[in-house]
1. Taking B:MET196, is it out of contact with any strand residue (DSSP E or B) (no Cβ under 9 Å at 6 or more places or on another chain) and either surrounded by 21 or more Cβ atoms within 10 Å (Cβ to Cβ) or within 25 Å of A:ILE120 (Cα to Cα) (or both)?
2. Can you pull out the helices (runs of 4 or more DSSP H) entirely within the range A:1-103 that have at least 2 residues that are more than 25 Å from B:ILE181 (Cα to Cα) and of a type outside the set (S, T, N, Q)?
3. Out of B:ILE156, B:ILE163, B:ILE182, I need the residue that is within 8 Å of another protein chain (Cβ to nearest Cβ), in contact with a helix residue (DSSP H, G or I) (Cβ under 7 Å, 6 or more places away or on another chain) and not charged (D, E, K, R). Which one?
4. Check off (1) of a type in the set (S, T, N, Q); (2) surrounded by fewer than 16 Cβ atoms within 10 Å (Cβ to Cβ); (3) at the interface with another protein chain (Cβ under 10 Å from one of its Cβ atoms) for B:GLN214 and give me the number that stays unchecked.
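Please treat every number below as a calculation from the coordinates, not as lab data. As the structure is a computational prediction, the values presented were derived from the model and not from experiment. No Cβ is skipped: glycine too gets one built from the backbone with ideal geometry, and neighbour counts run over all protein chains shown.
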Amino acid sequence: MGVLRSIQAKKNVFIIDDSPTYRELLNNEITKFEGVITHVFSSAEECFENDLPEPALVILDLYLDDGSGSVMSGHDALRQFLSLNENLEIVLVSAEVNETLLEEYKLYRGVDFILKSETISGEIKDVLEKKLFI
Amino acid sequence: MLKNKKILLVESNSVNRLLISSVLSESGAYVQIIASEEQLEEFNLGEEIDIAIIDLHFEGANGLSILKKMVVRKGGDFPVFGMTNSIEEIKVMQPNIDKLCTLLEKPFSIENFKQLINKNSLKVGLTHESLEEELFSLVKIEDMSRGNESFVQRMIGIFVDDIPKSMDKILLAMENKDYSIIKAGIHRIKPSLKMMCINSIESDVEKLEYNCEQMVSLEDVPFLVSKINNVLIRVVESMKK
């Protein structure tokens, strides 16, 4: 019973990013937290195709587009996640975060942004502590 | 060893010039002397010479700029010696100078000079496009690693694996004039290039992304893709070493 409680206490964090560099970076940072299990995907499709436990937090690359028009964008993935659970905690990762972007996404309650840069380690730590209370 | 070698000596001080050229001539070398800015302007850098010795404090002109032109013209393997009154001082003023040339502190003996030629101690680690910058730096990755060497190695491994594949897609898209795919591809790798401090192509990457997104100056796209690709090939090769 103690073991089961321990397993249930672990929080699932999904990482969705088409850059292998940033998948590794984010996973490296997040797995340092106790009580967190990461599930890493290179596309939103790959994530939705898998039968996975409900995430406590989704870290989603905003720009998943490969230019072909056949890949689900970060924006569409966000809408799909929120349609499944409107209270889901989501962090959008982007190479550029500006006022226009923040304005565009302010309607999405609970959505935070972090920038793809050398400061991402500190930012992801802050976000995890805030969102997952760990 | 110096017998029949053509040595270019760029030195504005007459006493130094006499001393150095005499010593080199006694060893059997042919010495071509540049003593003034005028002579420097007349001299053709393409001319055949085996070794160049340049006074980094050359009067009236920047000895360092002459050195750089020589390296660019002759290539990274060409033996260039930079003469200075103090190696310590010049390294403070120009931290990367020993990557461009072998430093010689005046006065130097002919034996010392021969030993340096023997050692082939010329170190050139900079690209011709940007002599002031290194190809890449791991400083950001190392900072993030907090001492975890295996993390650094993993990041290098991912970069070395991913970038050539990404560039192949971009090159194919360029052939097909598929600008949305070029744009998406370059946008995707841009943060990784910044992470590895590949600064020499930063503006080219921004320009390529912008041009493909806005569909402007598309005639520049092949040049930009080619330039970025050439630098990244060298970066990956360097990382593999």
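1. Working: out of contact with any strand residue (DSSP E or B) (no Cβ under 9 Å at 6 or more places or on another chain): yes; either surrounded by 21 or more Cβ atoms within 10 Å (Cβ to Cβ) or within 25 Å of A:ILE120 (Cα to Cα) (or both): yes.
Taking the combined requirement at face value, the residue satisfies it.
2. Numbers: elements: A:2-9, A:20-30, A:44-49, A:74-84.
Those helices (runs of 4 or more DSSP H) span A:2-9, A:20-30, A:74-84.
3. Working: B:ILE156 fails: within 8 Å of another protein chain (Cβ to nearest Cβ); B:ILE163 fails: within 8 Å of another protein chain (Cβ to nearest Cβ).
When all the criteria are applied, what remains is B:ILE182.
4. Here B:GLN214 meets the rest and fails (3).
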